[in-house]
Amino acid sequence: MPEELDALLKEKRIFKPSAELLKNSNIYRWMEKNGIHGYDELLEEALKNPEWFWDELAGELEWFRPYNQIKKWDPPHAKWFLDGKFNIVHNALDRHARGPRKDKTAYIWEGESGEVQRLSYLELYREVNRFANALKKLGVSKGDTVSIYLPMIPELPIAMLACAKIGAPHSVVFSGFWAKAFKERINDAGSKVAITIDGFRRRGKLIRLKEAVDGILDETPTLEKLVVVKHEGLDLDMRKNRDIWWDEAVDGMEEDCETEEMDSEDLLFILYTSGTTGKPKGVVHVHGGYAVGVYATLKFVFDLKEDDIWWCAADIGWVTGHSYIVYGPLLLGATSILYEGTPNYPDPGRIWRMIEDYKVTVFYTAPTTVRMFMKYGTKWPEKHDLSSLRLLGSVGEPINPEAWIWYHKHIGGSKCPVMDTWWQTETGMHLITPLPISNLKPGSAVKPFPTVEADVLDDEGKHVKNGGGHLVIKSTWPSMFRTLYKDPERYVEAYWSKFPCVYLSGDVARVDEDGYFWVQGREDDVLNVAGHRISTAEVESALVSYHTVAEAAVVGKPHDVKGEDIYAFVMLKEGVKTGEELESILKDHVRKEIGPIATPSNIKIVSDLPKTRSGKIMRRVIKSLIKGEDVGDTSTLANPEAVDGLKKVL
Ligand code: WT7
């Protein structure tokens, strides 16, 4: 029997942490200090008294003025650490740069073509201060949102920290999105200042980002200044009085800059994420609670200690990078790897070579990456010494047991527990996750983090004993998003209206007899492509914006590496002829409207789409069709004959 199949059949196995790992873990030590014996007791005590738990952890950070109330939970609105004066950057940077960690490496950056740069806490601090002063000189003051469009280079965390330091919220836009997404976000946030780069390489290919940005800046009325990082040495057309090179902006700036004393509840950042409509949601996080939440989860879930080398192989443009590349590790004073490129470039040995070279101890990636490497085979990781690893992590989508077991065995040498962490842009921190003291079941994200009350409910709001239901959270947690930027109604409507006072995650999950959570995927029209969240509506509206397209329906088809593959069904306007090239023109169009990750892998031109009598496209029917399943009852369709038309093109 093939080995992986054998593993899958043994899926019911439980993986227990070694006594050594368990006893030395941060969480175990903390439990000893607090007189708690065992995982179950920890979860029980924390649920009974969440304020005790969070007060202890918040006490490990420095407050300019102590808070006088731990939380105020007025569902659906929460405030944490009330009246506290705080700045996340003071805790992530200033206190380390002025203390014993000043010469410790904060980031080891490796470029895609192999160049390496190390930044100590003191060096990072100076760079941040210089750029913070530059931002002030450009007219940024407390409360102004700065939009940032940069790839994975040191200037990205530097820019974010500089903003937070002076109390200016940042809005980072993933560099893999196309410039139009940047424009929309600059306009939504009303930024006066934005930051981008001349160009960068992805798989060796040069991407000329500044030139793409030039194409949208006529439609950003609030924007006054564009700071441009010179990374590729491109000779560019710099618009007078608007564009300024990063190096010129920081030239002559002081290496000291005062850190703004913020209120715990002041805005730290906006991060746009996909919802069920075409308009992205501006998820809002604040200084105090967010800091305490990411600090606590990184400390307890990934168990970071002074000598660890941490690598969260995500992009900072997503929440994983905000929480666990930028803020979390710096709050803990850790050393992190920052890698510019793709994991399999120039060959599938790249990341394993880096783990060996830098002696990475804790590694965090997405299931899609694990599955991609499974396909390349074990010969690539086998070429490298991965024995420095002691813990592994997974995030972004459900990890199938087969991939879990491969990761555990071939990357973790059968000795590293896999932390399958469930969370979202909205939650800011891990909410359902194992701890190093938990017994693991491959494919399960285990149990809620201490103090978090999660449940699985049916449509009536009753707990589901067997089978799937709505994954909800019934408590508040410090790094909970506070609202949606400029859209408080949508905040209530999208997350808090199905069940009163209960947070609706949008995921389907089930709980087993041991109380373990198994997250199955999204229940709404949100796709998960390679761990990235994309709404069907966004791709549809990009398609419809093409002049010959009348209507479009986008669905996800299960894919064994990417999780989901994007399929688009397009109806053309009356009288338009379909040409050979139309499919590739439309793919290109979506790529330019949103970005490469949202590009459909398949586009089919159809003459009709299945709809309800009220005119709503039935994506469920299309989904069943592409999966080759029975479409079920089509009696509610206004045009059942559309189904036959679809069958013909598939
Ligand atoms: C959605 C959130 C959280 C950082 C990266 C994505 C899916 C995330 C898991 C997991 C199963 C997961 C969910 C969730 N997801 N982690 N461990 N197991 N599903 O952040 O872009 O806000 O996406 O990703 O569907 O709702 P995001």
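The values are calculated or read from the model by the stated rules, or taken from the named source; none is laboratory data. Remember, it's a predicted structure, so these values are computed and weren't measured experimentally. Neighbour counts are summed over all protein chains in view; Cβ atoms, including those assigned to glycine, are modelled from backbone coordinates with ideal geometry. Side chains are part of the model used for accessible areas, which takes the heavy atoms of the whole protein and leaves out ligands, DNA and RNA. Shrake-Rupley method; radii C 1.70, N 1.55, O 1.52, S 1.80 Å.
A few points about this structure:
- Farthest positive-ward along segment 348-473 dipole, Cα basis, beta-carbon charges - from Val464, Leu440, Thr361: Thr361
- Segment 112-174: GluC sites (Glu not before Pro) in DSSP coil with no more than 14 other Cβ atoms inside 10 Å: Glu115
- Convex hull per residue volume in Å³, alpha carbons only, for segment 1-139: 287
- Of the GluC sites (Glu not before Pro) in segment 549-613, those whose Cβ has at most 11 other Cβ within 10 Å and which sit in DSSP loop: Glu574, Glu580, Glu581
- Summing +1 for each Lys or Arg and -1 for each Asp or Glu among the other residues whose beta-carbon sits under 9 angstrom from that of Thr368 gives +1.
- Segment 530-649, accessible area per residue, ligands and nucleic acids excluded (1.4 Å, Å²): 48
- Positive minus negative residues near Pro348 (Lys, Arg vs Asp, Glu; Cβ under 11 Å): +4
- Taking amide H atoms as placed 1.01 Å from N in the peptide plane, the amide H of Ile207 lies under 5 Å from those of Phe200, Arg201, Arg202, each 5 or more residues away in sequence or on another chain.
- Dipole of the chain computed with +1 at Lys/Arg Cβ and -1 at Asp/Glu Cβ about the Cα centre; of Phe86, Phe174, Phe15, farthest Cα towards the positive end is Phe15.
- Zero-based 5 Å bins, Cα pair distances in segment 491-650, whole percents: 2, 8, 16, 18, 19, 16, 11, 6, 3, 1, 0, 0
- Residues whose placed amide H lies under 5 Å from that of Asp303, excluding near-sequence neighbours: none
- CD proxy at 222 nm, helix term only [per DSSP H run n ≥ 4: -39500 (n - 2.57); per residue of the chain; nearest 500]: -8000 deg cm²/dmol
- Hydrophobic, long helices, defined as DSSP H runs whose alpha-carbon span along the helix axis is 20 Å or greater and whose mean Kyte-Doolittle value is at least 0.5, occur in the chain at 287-301.
- Charges were assigned to the Cβ only: +1 to each Lys and Arg, -1 to each Asp and Glu. The resulting dipole of segment 394-491 about its Cα centre is roughly 380 debye.
- Over all other residues within a Cβ to Cβ distance under 14 Å of Gly645, the charged ones net out to 0, with Lys and Arg as +1 and Asp and Glu as -1.
- Segment 167-256 - Kirkwood radius from inverse mean 1/r over Cα pairs (Å): 13.9
- Around the Cα centre of the chain, unit charges on the Cβ atoms of Lys, Arg, Asp and Glu (plus for the first two, minus for the last two) sum to a dipole of about 440 debye.
- For segment 530-649, a simple Cβ point-charge model (Lys and Arg +1, Asp and Glu -1, everything else neutral) yields a dipole of about 220 debye relative to the Cα centre.
- Dimensions (Å) - segment 67-191, Cα atoms, principal axes, largest first: 51, 44, 29
- Here's the picture: charge each Lys and Arg Cβ at +1 and each Asp and Glu Cβ at -1 in segment 530-649, and of Gly531, Leu625, Val643 the one pushed furthest to the positive end of that dipole is Gly531.
- In summary, the convex hull built on the alpha carbon positions of segment 301-446 has an orientation-averaged projected area of 7.8 nm².
- Mean Cβ neighbour count within 10 Å, used as a protection proxy, ranking 411-418, 443-450 highest first: 443-450, 411-418
- The chain: equivalent-ellipsoid semi-axes (sqrt of 5 x gyration tensor eigenvalues, Cα, Å): 36, 32, 26
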